[in-house]
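The values are calculated or read from the model by the stated rules, or taken from the named source; none is laboratory data. This is a predicted model, so every value here is computed, not measured. Glycine gets a Cβ as well: all are built from the backbone with ideal geometry, and neighbour counts include every protein chain shown. When the accessible area is computed, the model is the full protein with side chains, heavy atoms only, and any ligands, DNA or RNA have been set aside. Shrake-Rupley method; radii C 1.70, N 1.55, O 1.52, S 1.80 Å.
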Amino acid sequence: MPTENVGTSTDDLPKYLQEHCLTQECHQLLSSLPSETGWVADHLYQYQGFWHHVRQLQGVLTCRNHLQAQDSDILLVSTPKAGTTWLKAIIFALVNRLRYVDDPQQHPLLTNNPHELVPFLELQLYVDNQVPDLTNLATPRLFATHLPFVLLPTSVKDSTCKVVYLCRNPKDTFVSLWHFANKLRPAEKGKNCLEEIFDRFCRGVSICGPFWDHVLGYWKASLEFPERVMFLKYEDMKEEPEVHVRRLAEFLGCPFSAEEERKGLVDSILKLCSFDNLSNLEVNRSGKMSSGEAYNVFFRRGEIGDSENLLTSEMIERLDQITEQKWHGFGLKF
Ligand code: PAP
């Protein structure tokens, strides 16, 4: 799988901004794809109806070629900024709860960011030409992805692995993404212009966008294959976290026993994974991903309705109209 340098000298940039370490396959593909200005890195490319930055597209191709999904795998899928970090922590804590019950101070979530414990397939695992040997990982293997349903590797669709999908209302998603992108952009570029980037989001040009098509793809899959795809909303998780953690445990085949309920394990998991707890841990305050993103950019406010502090009533109306048009007749509402 040869790679080549297709850009100018950008090695001093953090990895997440680099656009030049590509396989021949990815390089050739890029030249045939529609492109637009990116939110963080310079470009976004449209591949199979969805928009990706270059590094992610490389990961998509490699992952689709190499991932051998196992029936016992658990795949957490989300639209960017839906609460991925939170759900990664919850699923990790849920699935591994027996290992740390006697020694909670040794819990990996206290010293590792959730993104390290549940890595993204198309970013951490299958990017930059590193095709890892995943066969030795503990069962169940936990992976995450932002890929739309149509781009999931065939081996995921052919297996019986469980898919947990998380999304969030489009207004708060946009606002969270806007803040996130501004923090990751090179300082000399300054913030994205709110009106311009809002227009791009509405036109579907955002990481793994169009947002509405991404959500609809998994909504339909969850209706068609309810035992394989669980559909969750950030807002529901925030409003009734205990209910949803119990539902998750049942869906993943590890329901809480009466004894675990009596010991208050649901509550312990939620406390461990709470915004306040995770965001105040030293690892999450000062650590960063190997690709360069500081962990603290994944923790901002963690609330419902923050969009009202940034968006004008016209913007809110435009998003509401698009949502109504795109999802009309599918029974999907926020
Ligand atoms: P990603 O898709 O880039 O991995 P993701 O974790 O989905 O990011 O999104 C971050 C959002 O989840 C942030 O929302 P905000 O910008 O509206 O504040 C972040 O604050 C929120 N978040 C992170 N951890 C938690 C948590 N433990 N509980 C609730 N929300 C959280």
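Quickly run through the range 63-87 and pick out the residues that are within 11 Å of the ligand (Cβ to nearest atom) and either farther than 29 Å from Thr173 by Cα or out of contact with any strand residue (DSSP E or B) (no Cβ under 7 Å at 6 or more places or on another chain) (or both).
Pro80, Lys81, Thr85, Trp86
Among the residues that make up the range 110-118, is at least one of them outside any loop (DSSP other than H, G, I, E, B), touching a Phe, Trp or Tyr at 6+ places or on another chain (Cβ under 8 Å), open to solvent by less than 10 Å² (accessible area, probe 1.4 Å) and within 14 Å of the ligand (Cβ to nearest atom)?
Yes, because at least one residue in the range 110-118 is outside any loop (DSSP other than H, G, I, E, B), touching a Phe, Trp or Tyr at 6+ places or on another chain (Cβ under 8 Å), open to solvent by less than 10 Å² (accessible area, probe 1.4 Å) and within 14 Å of the ligand (Cβ to nearest atom).
Filtering the range 251-282 down to residues that are within 29 Å of Lys183 (Cα to Cα) and in contact with an Asp or Glu (Cβ under 9 Å, 6 or more places away or on another chain), which residue is surrounded by the fewest Cβ atoms within 10 Å (Cβ to Cβ)?
The residue in question is Phe275.
Determine whether the range 77-86 contains at least one residue that is touching a residue at least 60 places away in the same chain (Cβ under 8 Å) and either of a type in the set (Lys, Arg) or over 25 Å from Ser279 (Cβ atoms) (or both).
Scanning the range 77-86, I find at least one residue that is touching a residue at least 60 places away in the same chain (Cβ under 8 Å) and either of a type in the set (Lys, Arg) or over 25 Å from Ser279 (Cβ atoms) (or both), so the answer is yes.
Check Tyr126, Tyr45, Tyr100 and return the single one that is without any contact (Cβ under 8 Å) to a residue 60 or more places away in the chain, away from the ligand (no atom under 16 Å from the Cβ) and under 26 Å from Glu25 (Cα atoms).
Tyr45
Working only within the range 143-182, note down all residues that are out of contact with any Gly (no Cβ under 8 Å at 6 or more places or on another chain), under 29 Å from Arg97 (Cα atoms) and within 14 Å of the ligand (Cβ to nearest atom).
Phe143, Ala144, Thr145, His146, Leu147, Val164, Tyr165, Cys167
Would a scan of the range 221-229 turn up a residue that is touching a residue at least 12 places away in the same chain (Cβ under 8 Å), within 12 Å of the ligand (Cβ to nearest atom) and under 21 Å from His146 (Cβ atoms)?
no
Take Ala41 and tell me if it is touching a helix residue (DSSP H, G or I) at 6+ places or on another chain (Cβ under 7 Å) and at pLDDT below 90.
Yes; evaluated as a whole, the condition is true for this residue.
Restricting attention to the range 229-243, which residues are in a helix (DSSP H, G or I) and either surrounded by fewer than 20 Cβ atoms within 10 Å (Cβ to Cβ) or β-branched (Val, Ile, Thr) (or both)?
Glu235, Asp236, Lys238, Glu239, Pro241, Glu242, Val243
Give me the residue from the range 291-309 that is part of a loop (DSSP other than H, G, I, E, B) and open to solvent by 50 Å² or more (accessible area, probe 1.4 Å) and, out of that set, farthest from the ligand (Cβ to nearest atom).
Here the residue is Ile304.
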